[in-house]
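Working notes, structure below.
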Amino acid sequence: MIDVTEYIGLPFESGGRGPRYDCWGIIRRVYADHLDIELPLHTGYADTLTDDTSRLMVAARSEWREVTDPEPWDVVMFNVDGKPNHIGLVIAPGLMLHTTRHKDACIESFSAPQWRDRLEGIYRYDHDCRPPEPGSL
């Protein structure tokens, strides 16, 4: 499990990269703080409203691949209002950190009906710098 308690309650702002965050901004912040990885910026929240799932990941100029079994550090993407326009960071089995225009940063189950039925894809950032799982050394 990724410890994200310090991010709970950070306020939402469309296009926010700090101190207020949108869904991509909060993921960038956690990756930077925990993995020392600077995920690229994209032109803002509007990209998620117009691009399809795979194009969003390409627009981020990162190496993402689609997976079927979510693990911590993966990104879950959701189709809301008929298009892929929301992402969350998997922090533990079935749980994500995310923020929306209706909620500040929070932990929520992505298997809850309001999210499960909208799941568009699960993506993994291809990098070799993820910290080892406790007890795996």
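Take the Cα of Asp81, step 7 Å toward its Cβ, do the same at His34, and the gap between the two points is 2.8 nm. Exposure proxy for Cys23, Cys106: other Cβ atoms within 10 Å of each Cβ, ordered fewest to most, give Cys106, Cys23.
Any read-out appearing in this document is the output of simple, stated calculations on the displayed coordinates, not a laboratory observation. None of the values given here were measured: they were computed from a predicted structure. Every residue, glycine among them, receives a Cβ derived from its backbone with ideal geometry; neighbour counts consider all protein chains shown.
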